[in-house]
1. Here are some residues: 184, 123. Which one is in the same structural domain as residue 354 (by TED's automatic domain parsing) and touching a strand residue (DSSP E or B) at 6+ places or on another chain (Cβ under 8 Å)?
2. Which number in (1) at pLDDT 90 or above; (2) outside any helix (DSSP H, G or I); (3) hydrophobic (A, V, I, L, M, F, W, C) marks the one condition that residue 318 misses?
3. List the residue pairs whose Cβ atoms are under 8 Å apart, where the first residue sits in the range 4-18 and is without any contact (Cβ under 8 Å) to a residue 40 or more places away in the chain, the second is part of a strand (DSSP E or B) and surrounded by fewer than 20 Cβ atoms within 10 Å (Cβ to Cβ), and the two are 6 or more positions apart or on different chains.
4. Using the structure shown, decide if residue 238 is acidic (Asp, Glu), surrounded by 21 or more Cβ atoms within 10 Å (Cβ to Cβ), in the same structural domain as residue 360 (by TED's automatic domain parsing) and more than 30 Å from residue 92 (Cβ to Cβ).
5. State all residues of the range 40-72 that are aliphatic (A, V, I, L, M) and assigned to a loop (DSSP other than H, G, I, E, B); if no residue qualifies, say none.
6. Given the condition at pLDDT below 95, under 23 Å from residue 359 (Cα atoms), small (Gly, Ala, Ser) and surrounded by fewer than 18 Cβ atoms within 10 Å (Cβ to Cβ), answer yes or no: does some residue in the range 243-250 qualify?
7. For the range 180-198, how many residues meet the condition of being more than 20 Å from the chain's Cα centre (by Cα), among the hydroxyl-bearing types (Ser, Thr, Tyr) and more than 17 Å from residue 213 (Cβ to Cβ)?
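The values are calculated or read from the model by the stated rules, or taken from the named source; none is laboratory data. All figures in this text were calculated on a predicted structure; none of them were measured in a lab. Quick reminder, even Gly has a Cβ in these numbers, built from the backbone with ideal geometry, and neighbours come from all protein chains shown.
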Amino acid sequence: MLHKIINLTVRDVRFPTSLEQHGSDAMHSDPDYSAAYVVLDTDCGLKGFGLTFTLGKGTEIVVCAVKALAGLVVGKSLQEIVSNFRGFYRLLTSDGQMRWLGPEKGVIHLATAAVLNAVWDLWARAEGKDPKRIVSCIDFRYITDVLTEDEALDILVKAQEGRQQREDQMLKEGYPAYTTSCAWLGYPDQQLKQLCTDALKSGWTKFKVKVGADLEDDVRRCRLIRQMIGPNNTLMIDANQRWDVDEAISWVSKLAEVKPLWIEEPTSPDDILGHATIAKCHNRVMFKQLLQASALQFVQIDSCRLGSVNENLAVLLMAHKFQVPVCPHAGGVGLCELVQHLILFDYICVSANLSNRMCEYVDHLHEHFANPVVIQDAHYMPPKDPGYSCEMLESSVKRHQFPEGDVWKLHQNK
């Protein structure tokens, strides 16, 4: 635990997924799945790996923001950080000058998350954690009117009963997942049909469809997918913040015939009142406000936009207090690798409940990771290697680093 962090490197890693319309939706028609990829080096040789997800252009800005935070990390020992993780979190998010650019929004938020995730990975590789340690990592500032530190500790202590049985269950059965890989907005009908057919053969029963660009086309595509998956399987729709409030109500009413379980991101996540019936928000403070505004049916956290594992833990605990099921997002490079830890922690150590719970899975780019996510029968199987599972293969990083990697040199020459 006396590992001293002696260096922080951050790289702009991009994959040209826009060439085949992977990840396309109503707001992002040509995403190149990318990451600001952070590596922490220590004086004993142990490394920590972290990332936050981006869509190509602008990743260089997140990289610059990470470099601006590096001086707050390099030179510290792991023991110094984890003995007061809450203080370290505030150090990164409360710098007297840089917090003007964030800290729980946009580029600074993404940069902070990449650094914090790398520290979590380093810590996980070094040793285990207990309930008090977990709670000590969460910054309760701004959320104590909903969840106090004592309440959070009580939740974790109570969940220790039956914990081993739940862990054994996850090792055997895995955590239920749903797929978005079949229905990106830019995919042609024949591809949708083939992907749905293949997914059904592989045991998938829950499907999410991107909507929001054209109402008539949405109705047609959703009818097609409902026909492909049958009446008894689950269908969800996702508009990626495309609509105004009234437009969302009208649009979803037209899509009600396909019986969607939920509509995800119908409008701006900053619109608390307009968004009060949707369980999606981009930081823990807004999530708290949503809890106070209405009785939610689902919570959908995003391991990218929500930020670091510290913030995700706060949301999981708040959701449990209000008995709201959590169904995380995980589209994008590395996000499935990250989110599997959150869902397993939630079930084993917090909620002890699988009712109405599932986690997103997309079948893209896992081959670039040292410990890629494992899916069996539409379930996430627990990772067995220490860490946060976001270490990328160095060969993949070099090939996809922007703009000097071989993949981008080839892409630019076309």
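1. Sole residue among the options that is in the same structural domain as residue 354 (by TED's automatic domain parsing) and touching a strand residue (DSSP E or B) at 6+ places or on another chain (Cβ under 8 Å): 184.
2. (2)
3. Here the result reads 9/41, each pair linking the range 4-18 to a residue that is part of a strand (DSSP E or B) and surrounded by fewer than 20 Cβ atoms within 10 Å (Cβ to Cβ).
4. On the way: acidic (Asp, Glu): yes; surrounded by 21 or more Cβ atoms within 10 Å (Cβ to Cβ): yes; in the same structural domain as residue 360 (by TED's automatic domain parsing): yes; more than 30 Å from residue 92 (Cβ to Cβ): yes.
Yes, satisfied.
5. Start the filter on the range 40-72 by keeping residues that are aliphatic (A, V, I, L, M), which leaves 40, 46, 51, 55, 61-63, 65-66, 68-70, 72.
Selection gives 46, 55.
6. Quick first cut of the range 243-250, residues at pLDDT below 95 only: 243-250.
Filter once more, keeping what is under 23 Å from residue 359 (Cα atoms): none.
No.
7. Number satisfying all stated conditions: 1.
Rundown of residues vs (1) more than 24 Å from residue 333 (Cα to Cα); (2) under 22 Å from the mean Cα position of the chain (by Cα), yes/no style:
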{"site": "60", "(1), (2)": "no, yes"}
{"site": "66", "(1), (2)": "no, yes"}
{"site": "70", "(1), (2)": "no, no"}
{"site": "105", "(1), (2)": "no, yes"}
{"site": "117", "(1), (2)": "no, yes"}
{"site": "124", "(1), (2)": "no, yes"}
{"site": "138", "(1), (2)": "yes, yes"}
{"site": "148", "(1), (2)": "yes, no"}
